[in-house]
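Just so it is clear, none of the values below were taken in a lab; they were calculated from the coordinates. The model shown is predicted, which means the values in this text are computed figures rather than measured ones. All Cβ positions, glycine included, derive from the backbone under ideal geometry; neighbour counts span all protein chains shown.
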């Protein structure tokens, strides 16, 4: 099984340094692109490879690149921003990549910047990722010393500034336009959907934003080609994916596996199954802002379309397992409380609706719920759903709640009927 993203990593030996990265072929893709490919050829290659964003939405990377204006009359400067503000509960894949093989990310950033002819690139990282931050500071400095970044890269006419920006650490900053506002020194609040960031992004200039894992794939596509990348996936989605598992499993962690591997294989073969004495009741397939699925979905491929057909989203690929001794109402309360605290307060449904939902769930947990509470929660899920809020935070926040009400309704009703949490 090929593991391009993690194949250079050796657990217990620290991060891959520059010498080891170069000996394993690192920065060869950058040489190939700058010396033998035009930006247009690079964009077409990534399109042909069908690289889809690994941050949650799954948008085709090459299509995003091609939407940025080109030519001598296009606005300047152009920017590329790597979104390393990983704050989705149950997700830790980007940290894994940055701490294990940081040069891979920087090479991906530079290649993406060359494709759209950007002059400046930022890595936007959350402040809690102190180890990753230190490694990236060192990695960027090494890239400058070897002329992989800076002026006239590798003797060509292309130049790029690469900068590290340490964020204050808010969940909303993971949303692209909120991240751009934060980079500009403002509040991390979302912008209108139009114009797209590739047209008017950072300081009103064309900007391509990508998740860390997405960018790490780019050097391998350049080195090995589109057909190779597409051959790695088991279904229609190309490449590999960093899948994570948290919860009461025997071996929580993260693994690079083919796109389209089944949930069952991830949970049972790699995470070792549930701890002794526990049974799986359900799982969030793509981090905390995705809908619950249950045991009947274990053989579903973990790709974008298959998980969507099952009633959820692939999201970040971070599976959160729910066992039969953990209260689903308490889990929903914990998640909604998190999202309520992280709301930027920009729009009323999110600002008011999430705290209200958290209060109702807290009352249920205390045994103070009433029969009409479930109907109110269902209304909240509808009112906070897609199209009713300014950004995707609230629609994602209510996904675990609406699916918990669907699959574990009896647990909610027991809280009301018995006036207590049965698991306490």
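Mean separation of Cα pairs under 8 Å and 6 or more residues apart, divided by the residue count, gives region 240-323 a relative contact order of 36 percent. For the chain, relative contact order (Cα pairs under 8 Å, six or more residues apart, normalised by length) works out to 15 percent.
To the nearest ten degrees, helix 409-418 and the longest principal axis of the Cα atoms of the chain are 40 degrees apart.
Which one of 155, 174, 396 has the biggest mean-square fluctuation once the chain is modelled by GNM with Cα springs under 10 Å? Evaluated over the chain, the most mobile residue of the options is 155. Rounded to the nearest 500, the helix-only mean residue ellipticity at 222 nm of the chain stands at -12000 deg cm²/dmol, with each DSSP H run of n ≥ 4 adding -39,500 (n - 2.57). Computed from the Cβ-Cβ distance with R0 of 45 Å, the FRET efficiency linking residue 348 to residue 19 stands at 0.25.
Comparing 337, 70, 139 in a Gaussian network model of the chain (Cα springs below 10 Å), the most mobile by mean-square fluctuation is 70. Between residue 11 and residue 228, the distance separating the two model label sites (each 7 Å from Cα on the Cα→Cβ line) works out to 2.6 nm. Each Cα pair under 8 Å and six or more residues apart adds its sequence gap; the mean of these over the residue count of region 328-418 is a relative contact order of 37 percent. Rounded, prolate or oblate for region 18-232? Axes are the square roots of the Cα gyration tensor eigenvalues, ordered a ≥ b ≥ c, and the cut-off for rounded is a/c under 1.5. Verdict is rounded for region 18-232. Of the listed values (i) 22.0, 74; (ii) 26.5, 107; (iii) 21.3, 63, grab the one calculated as Rg and Dmax of the Cα atoms in Å from the structure here. Computed from these coordinates, Rg and Dmax of the Cα atoms in Å corresponds to label (i).
Treating r as the C-beta distance of residue 2 and residue 341 and R0 as 41 Å, the FRET efficiency rounds to 0.50.
Computed from the C-beta positions of residue 187 and residue 57 and an R0 of 25 Å, the FRET efficiency is 0.65 to the nearest 0.05. Extension gain for the segment residue 363 to residue 141, taken as residue separation times 0.36 nm less the Cα-Cα distance, is 74.7 nm to one decimal.
Structure remark: mean-square fluctuation, Gaussian network model of the chain, C-alpha springs under 10 Å; the largest value among 172, 360, 106 belongs to 360. Relative to the longest principal axis of the Cα atoms of the chain, helix 39-49 runs at roughly 40 degrees. What separates the Cα centres of region 194-249 and region 95-169 is a distance of 16 Å.
In degrees, nearest 10, range 0 to 90: what is the angle between the Cα axis of helix 212-224 and the longest Cα principal axis of the chain? Here the helix axis deviates by roughly 40 degrees.
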